[in-house]
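Please read the structure below before turning to the comments.
The values are calculated or read from the model by the stated rules, or taken from the named source; none is laboratory data. What you see is a predicted model, and the numbers here were worked out from it, not measured in a lab. Neighbour counts are summed over all protein chains in view; Cβ atoms, including those assigned to glycine, are modelled from backbone coordinates with ideal geometry. Side chains are part of the model used for accessible areas, which takes the heavy atoms of the whole protein and leaves out ligands, DNA and RNA. Shrake-Rupley method; radii C 1.70, N 1.55, O 1.52, S 1.80 Å.
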Amino acid sequence: MGINWRHWALPVAPVALALLVVTGCDSSSSTPGTSDARPKATGGPVTSVARVCAKPPAGPEKAPAGAVKVDASVVGDLAAKTRSSPPNTTFWLEPGKHRLESDRFAQVMPKKGDRYLGAPGAVLDGRKKNQYAFSGTARDVTISHLTVQNFVAPHNEGVVNHDMADGWVIEHAKIQKNDGAGLMAGARQQVRDSCLRNNGQYGMNAYKTGDSIKDLVVEGNEIVGNNTGDWERRRRGCGCTGGIKFWAVNGADIRGNWVHDNRGAGLWADNNNNDFRIEGNLLEANDGAALMYETSYNAVIRNNTFRRNNWVEGRKNADRGDDFPYATIYVSESGGEPRIRARTDKIEIYRNVLDDNWNGITLWENADRFCNSPANTSTGYCTLLVKDIDRCKRPAITKAPLYADCRWKTQRVDIHDNRFVLDPSVVKCGDDCGRMAVLANYGTYPKWSPYKGKSVAEAITDKQGNRWRDNDYRGPWNFVAGDQTRKLDSGQWQDTPHRQDEGSTFVRKAGD
């Protein structure tokens, strides 16, 4: 069954869908769409992107009525006037380079409801001396039309909203060339129409110490060139990089962003995230996976365009003889769970375009990774279905309900009405790329694990409701089912026992 792109339609979501601002082109290897329209995320490939790094909208040229003027020539003026002003003050930063005191812990500590507006050319510069720009626990702070750069936050810490306060709005900002994360996040945070560029670890680290983050919005941003510190090489296997990393976020709308040329993953949701809508984004030329959804629950991934992702890491792994199907969309120990409240009870991946990526979509479950297992890299965390880690041990874990509930399970993943295009001469990958996969490893560890052998591989492949259907394939796609040694052609993939991709079309040449 072919896909008629022109006739797609989506129901209107309760949350208004994002529109994209196209304001010019940043210098990068990517080739975004050229339309100047502001498209709705309502179906089909993305035709325009949030190109905001080269020329973000300018802030007010004059101080708004009642605003406190901040003098760029006075070192520490912004922090001092913030201290001496009441809550709900608006600060207007005049054009020029604003500086904090030279002490590395000098920082701005907003009060509740404060607003920071940058004039055209206003820059807050840490001069590679200060660790943090804006911190503290005050709620409902706004930072707008301001460049924040050259701060040196430590590993896993952030420069803006360092203390993860709630209700912050960051809009029309440029946060760049900082160590650590450009941004941290709190509940109800909104990051809109901003440039998160060339930060040392993350563009944003959506993590809140000791708590979950609720109702996060990331809309219309350009997220480019992050992880300049190459942390995965410096701390091999740390899982600590990406354009944006999400940790224990409950409710997120990620829409209309241009996520490109990041060193490592583009977007990475890792550990007990739930209820994500990822729609209308363009993700391209990221070194690793464009999107990773790991040990998490319930998501809608729709109407995105993915192109030229995972070339760097895919080729590196192939060159060393590793044939694991590292993916553009990597769903790892994640699935739909009706018992956890969300806007969906599955992971639904549909109406996306995947064009000349190293691989396609991989559904993976590590048989040895579960709550209370030493192989669980999210140390100290259990699934959202079991609060007490110590419950996940013998003999209770060998029986219902804990046998199922102590696992992050890749289940109820519905992949449909997508277009997958691959031209190996473009990717220059030979037979090493172009795979879809659903698989697990052979369970061996720890000794007391109830999940040894093929049980998890058999479950994820044929028993947990993971389905491909009604997709359009162009190019020499192959398929992996059960474990990475079982490589199938499209006929075997569609045949018994797997019976995947019912209603899908397969054309061996990408241009046909």
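Rounded to the nearest 0.05, what FRET efficiency is calculated for residue 315 and residue 58 with R0 set to 41 Å and r the Cβ-Cβ distance?
Working from the Cβ atoms, E equals 0.50.
Which far-off residues, 5 or more places away or on another chain, put their amide H under 5 Å from the one on residue 500, with H placed in the peptide plane?
Amide H neighbours of residue 500, under 5 Å, 5+ apart: 494, 495.
Could you compute the FRET efficiency for residue 323 and residue 85, with r as their C-beta to C-beta distance and R0 at 45 Å, rounded to 0.05?
For R0 = 45 Å, the calculated efficiency reads 0.15.
For 496, 90, give me the order by solvent-accessible area with a 1.4 Å probe, most accessible first, ignoring ligands, DNA and RNA.
Listed by decreasing accessible area, they come as 496, 90.
Mind running the shape call on region 157-250? Use the C-alpha gyration tensor, a ≥ b ≥ c as the square roots of the eigenvalues: rounded below 1.5 for a/c, prolate if a/b tops b/c, oblate otherwise.
It comes out oblate by the Cα gyration axes.
Can you list the HN-Hα couplings for region 483-492, worked out from phi with the Karplus curve (6.51, -1.76, 1.60; θ = phi - 60°), rounded to whole Hz and with x for Gly and Pro?
So the Karplus estimates, Gly and Pro as x, are 8, 6, 7, 9, 9, 10, 8, 5, x, 5 Hz.
Out of the total accessible area of the chain (probe 1.4 Å, heavy atoms of protein only), what percent is carbon and sulfur?
Answer for the chain is 49 percent, counting heavy atoms of protein chains only.
Using a 7 Å offset from the Cα along the Cα-to-Cβ direction at both residue 425 and residue 377, what is the distance between the two label points in nm, to one decimal?
Those two pseudo-labels are separated by 3.7 nm.
Within region 93-189, which chymotrypsin sites (Phe, Trp or Tyr not before Pro) sit in a loop by DSSP and count at most 11 neighbouring Cβ atoms inside 10 Å?
Answer by residue number: 105.
List the relative contact order of the chain as a percent without decimals, with contacts defined as Cα pairs under 8 Å and 6+ residues apart.
Relative contact order comes out at 9 percent.
Rounded to the nearest 20 Debye, what is the dipole magnitude of the chain about its Cα centre when Lys and Arg each give +1 and Asp and Glu each give -1 at the C-beta?
So the dipole magnitude of the chain works out to roughly 740 debye.
Would you tally the net charge around residue 468, using a Cβ to Cβ cut-off of less than 11 Å, leaving residue 468 out, and scoring K and R as +1, D and E as -1?
-2
First check a/c for region 55-171, with a ≥ b ≥ c the square roots of the eigenvalues of its C-alpha gyration tensor; if it is under 1.5, answer rounded, and if not, answer prolate when a/b is larger than b/c or oblate otherwise.
rounded
Per residue, how large is the accessible surface of the chain? Use a 1.4 angstrom probe and give square angstrom.
39
I need the phi-derived Karplus couplings for region 310-315: 6.51 cos²θ - 1.76 cosθ + 1.60, θ = phi - 60°, integer Hz, Gly and Pro marked x.
Values per residue, Gly and Pro as x: 6, 5, 5, 6, x, 5 Hz.
Rounded to two decimals, what is the ratio between the C-alpha radius of gyration of region 127-190 and 2.2 N^0.38 Å?
1.00
With r defined as the distance between the Cβ atoms of residue 97 and residue 499 and R0 fixed at 51 Å, what FRET efficiency is calculated, to the nearest 0.05?
Taking R0 as 51 Å, the efficiency between residue 97 and residue 499 is 0.25.
Roughly how many Å is it from the Cα centre of region 459-498 to that of region 360-395, as a whole number?
26
The chain: longest stretch without exposed GluC sites (Glu not before Pro) (DSSP loop, at most 16 other Cβ within 10 Å), sites themselves excluded?
Counting only loop sites that pass the neighbour cut-off, the longest clear stretch is 102-512.
Over what distance in Å are the Cα centres of region 193-268 and region 48-116 separated?
A separation of 24 Å, based on Cα centres.
Rounded if a/c is under 1.5, else prolate if a/b beats b/c, else oblate: with a ≥ b ≥ c from the C-alpha gyration tensor eigenvalues square-rooted, which is region 239-303?
In terms of gyration-tensor shape, oblate.
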